[in-house]
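The values are calculated or read from the model by the stated rules, or taken from the named source; none is laboratory data. Computed from a prediction, not measured in an experiment: that's the story for all the values here. Cβ: placed from backbone, ideal geometry, glycine included. Neighbour counts: every protein chain shown.
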């Protein structure tokens with residue numbers, strides 16, 4: 001499951017979490033566990049990573065002599081360190097709420113085990129592979145080292161979930177919990193009605209997405225769709241659901257009526 005950064009943080013306030021939404025999502029994950037299903041969680045950065053990463057252009061890699069006068073950071077290297085620490089802070093908030101509902105949590109920060117970028121990034125997934133539904137493995141989008149002149153870059157949570165879904169055994173579904181929208185839409189979100197939801201998407205269907213280009217440094221909705229379609233082609237169910245209504249996730253997994261988008265293979 002992927003918790004979108006725009007869902008779990010307040011986009012306009014640097015490093016502020018949407019605590020109530022996180023608590024509601026964790027409660028649903030506990031219900032999923034009680035049904036005997038194990039969840040691996042990947043979460044986005046939102047205002048804990050994107051704002052600072054955007055200012056310092058961390059998605060572009062190392063830029064010699066880059067400066068940002070007046071910023072709390074004095075260099076890209078310092079920004080890399082701060083973003084990594086901010087992500088650990090956001091992760092600790094999520095871990096605390098998972099533990100509060102009864103999970104044993106194991107966190108795997110990508111800068112400690114992954115290198116390079118995209119869906120073929122380097123790093124072993126072995127530490128995600130046990131099958132106890134009372135354990136939740138958690139990882140997240142992060143700034144990782146890159147083995148070329150860029151030196152570092154941003155490994156998106158969407159690339160992480162794609163590799164996890166495709167390479168771990170017995171994966172049944174990939175669920176993107178999104179903020180502010182019920183799924184993919186035919187028109188821009190600010191003018192959409194209930195009738196504009198795309199319930200089934202394939203590459204020949206046009207959609208409009210909310211891409212917060214002012215802060216996003218990982219590709220927004222387009223990257224989610226690309227990675228989701230890659231996973232769907234393997235036969236795994238891929239779904240986009242409004243995470244502000246987390247009961248819809250339970251309904252989907254319990255084969256009850258639900259609202260959202262299914263990505264077709």
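Any chance you could count how many residues in the range 229-256 are in a loop (DSSP other than H, G, I, E, B), in contact (Cβ under 8 Å) with a residue 24 or more places away in the chain and farther than 23 Å from residue 180 by Cα?
Adding up the residues that qualify gives 5.
Could you run through the range 58-82 and say how many residues are under 20 Å from residue 148 (Cβ atoms) and either touching a helix residue (DSSP H, G or I) at 6+ places or on another chain (Cβ under 8 Å) or in contact (Cβ under 8 Å) with a residue 24 or more places away in the chain (or both)?
10
How many residues are free of Cβ contacts under 8 Å to residues at least 24 places away in the same chain, in a loop (DSSP other than H, G, I, E, B) and touching a helix residue (DSSP H, G or I) at 6+ places or on another chain (Cβ under 9 Å) if we restrict to the range 121-132?
The qualifying residues number 2.
Which fully enclosed strands (runs of 3 or more DSSP E) of the range 133-208 have 2 or more residues being more than 30 Å from residue 77 (Cα to Cα) and touching a strand residue (DSSP E or B) at 6+ places or on another chain (Cβ under 6 Å)?
135-140, 173-178
Please list, ordered by first then second residue, the pairs with beta carbon atoms under 6 Å, 6 or more apart or interchain, first in the range 200-228 and closer than 22 Å to residue 46 by Cα, second at pLDDT 80 or above and surrounded by fewer than 18 Cβ atoms within 10 Å (Cβ to Cβ).
What qualifies is 208/187; 208/188; 210/189; 215/54; 217/54.
How many residues does the range 33-51 hold that are touching a helix residue (DSSP H, G or I) at 6+ places or on another chain (Cβ under 9 Å) and surrounded by fewer than 19 Cβ atoms within 10 Å (Cβ to Cβ)?
Matching residues across the range 33-51 total 3.
For the range 30-73, which positions are in a loop (DSSP other than H, G, I, E, B), under 16 Å from the mean Cα position of the chain (by Cα) and within 17 Å of residue 16 (Cβ to Cβ)?
Scanning the range 30-73 gives 44, 45, 49.
Taking the range 92-103, which residues are within 13 Å of residue 26 (Cα to Cα) and either without any contact (Cβ under 8 Å) to a residue 60 or more places away in the chain or surrounded by 14 or more Cβ atoms within 10 Å (Cβ to Cβ) (or both)?
Selection gives 93, 94, 95, 96, 97, 98, 99, 101, 103.
Can you report the number of residues in the range 52-91 which are surrounded by fewer than 20 Cβ atoms within 10 Å (Cβ to Cβ), closer than 21 Å to residue 137 by Cβ and in contact with a strand residue (DSSP E or B) (Cβ under 8 Å, 6 or more places away or on another chain)?
Within the range 52-91, residues that are surrounded by fewer than 20 Cβ atoms within 10 Å (Cβ to Cβ), closer than 21 Å to residue 137 by Cβ and in contact with a strand residue (DSSP E or B) (Cβ under 8 Å, 6 or more places away or on another chain) number 1.
For the range 8-15, indicate whether the set of residues that are crowded, with 17+ Cβ neighbours inside 10 Å, in contact (Cβ under 8 Å) with a residue 40 or more places away in the chain and under 22 Å from residue 164 (Cα atoms) is non-empty.
The answer is yes; a qualifying residue exists.
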